[in-house]
Structure formats: structure tokens, C-alpha cells
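A short worksheet on the structure shown next.
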Amino acid sequence: MSESITGEQYALSAGPYQAVITESGASLRELTHEGRPLVLSHGADEPAPAAFGHLLIPWPNRIDRGRYDYGGVPHRLDISEPDRDCAIHGLTRWAPWRAAVHEPDRVRLTHRLLATAGYPFRLDLEAEYSLDAADGLHVRVTARNAGTATAPYGHGAHPYLTVGEPIDACEVMLGADRYVPVDERMIPSGPSLDVTGTKYDLRAGPVLSDRRIDTAFTGLNRGGDGRVWVTLAGNDRTVRLWADEAHPWMMIYTADNAPSPREGLGVEPMTCPPNAFATGEGVIDLKPGTGCTGTYGIVAGS
């Protein structure tokens, strides 16, 4: 019997929520509420397009030319985005992850990230997805340094939120005071800037209209529980993504170059900004035997 090219499919359910997580990359392939999608999905026999639902480990976004120094040692990663001469979105997106626990409403997947020429470190990784009938999806990502040297680390996630209609007429709200300018290769070109008076000011929940955004935001405004929220609101549906304080950056991508342009909104919680390994900004120095954890979630709105 043949199997899907994304491996095992781990179905979850709780109340009105259903989700499917893949063995390939521990990716979020589907998430629905009352049968209606909350994220853009793809078939089990189709590689995830445009990083749909991917986890981005051990760095999110891009590393310029794939080169960085760490601890005084130069490293060079394989170029995974040749058009821009960058290494993008880490090393685990297509790797097989094993299920340690699979219950009706949760799955915990693990992966051993062994050394490569450009990342000579060893990490033990866990990704736990759980559904709650009231609170929707929770995703917890944990990394532990199982090697003998301190490792540079960051992570992110890459779901595309959807309310079942093109995003141009939707309202988008993100409480972020600053954005990161980039050059033509999408590499940060300077320090973060104030969003006031720019198309990047999403604090009041404007209609997206024709704004083209592929931008990292910081200066995130959080509630008393430490969460920052992104809201995508359409004519009759709303979906919201939250991230905890482990994620000081949030990437917003209007999916202009995705297979179905502007049908969903890429919302990417990140522990560090683009090109972090090269600049050192936001990089977690993961010492041997230590770990770190970050959590995000998605919930249907009213």
C-alpha cells in the first residue's frame, strides 16, 4: 500500500475544531472550525507550497548568503533560496518527525537535528499540537541542546490565516509599534522603524486593501497574559493568532507570491528577526543540556 508523500497524517479533534499534522516537518496541514478552514491547506500528497504550516527551526526567515560567524567560527549553510542567494527557514521543514504521543486532541512529535556542515550542532526537538473546544489550537515548540557546544538557535512558524475570502477586503490588526526595513533581497537594511504614518501601521485594524507586506514587526503590544494577537476579519468570519513572550517578532506576509495570491495572510511568530544568525540580534545561545520553549495558537473569532 502506498503512503502519502508527507508521511503519517495525525488527525486531531476537539469540539468544533479539527486539525491535521504531518510527519513531514511536523507541519500544520489543516485547521478547521465548524468545518470551515482557519488556515490555507494542501493535500496530503502535495509538498507544502510557500511554507504552508511549516515550523522554522533552527532559524526563521533568511540568512544572507547563508553565511554567519558564531563564537568566532565562520559557518556557511546551503543556499535554499537561490533567487535571493539566501538560506531560508531552517533545516527541519521536510524532515521526518516521530510521534511520541498521539491522542484524539493532541500529538507530540520529536526530531533529532544532527550536525550539518553549516550547522555543526545537535538539537533534540519537540512540537506539540493540541486542540481545545473553546480555545482552539495550541502549538508548543521546544528545543534542547543535546550536543557539546553552545548552539545558535531561533524558531518560527508559518501558518496562513484565512476567512474564506481574498484578504484585500479584510481588516488586519496587529499591535506592533515598529517594523524592519529590508533591501531588494529581503535582508534587513537597518534598524527597526516606527510604523506611524506608514502602510505598516496595523494597530487600528485597517482594511488591508492593496497593501503589499512581507515584513517583520517588533515592539509588540501584549496583554496581561503576555500574548500578542493578530486578527484577520472578513465579512462574516474572524480568525486570530496569538504568540507568547518567547516571540518578540511577528512576520506578516500578504502572500503575493503564493500559489493562490492574497487568499490567506501569512502570520509568522518568530523568536528572532530575519538574518539573525549573521547579525546576532535575538539569537538564543543554547548551552549544552539547556532548552527553550515557545508557544503560539490559533482560534476562531466571532
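Points worth noting:
- The heavy atoms of residue 121 offer some 20 square angstrom of accessible surface to a 1.4 angstrom probe.
- For the chain, convex hull volume per residue from C-alpha positions, Å³: 135
- Each 10 Å bin from zero holds the following percent of Cα-Cα pairs in the range 184-302: 11, 40, 36, 11, 2.
- Percent carbon-and-sulfur accessible area, the range 1-96, ignoring ligands, DNA and RNA, probe 1.4 Å: 49
- Per residue value of the accessible surface for the range 1-123 (all protein chains in place, 1.4 Å probe), Å²: 47
- Rg/Rh (Cα only; Kirkwood hydrodynamic radius) as it applies to the range 1-110: 1.06
- Rolling a 1.4 Å probe across the protein heavy atoms gives the range 188-302 an accessible surface of 41 Å² per residue.
- Put simply, the amide H of residue 75, placed in the peptide plane, has neighbours under 5 Å in 68, 69, 70, leaving out anything fewer than 5 places away on its chain.
- Value of [θ]222 nm, deg cm²/dmol, for the chain, DSSP H segments ≥ 4, -39500 (n - 2.57) each, nearest 500: 0 deg cm²/dmol
The values are calculated or read from the model by the stated rules, or taken from the named source; none is laboratory data. No experiment lies behind these values; they were computed from the predicted model shown. The area values use the complete protein model at the heavy-atom level, side chains included, leaving out ligands, DNA and RNA. Shrake-Rupley method; radii C 1.70, N 1.55, O 1.52, S 1.80 Å.
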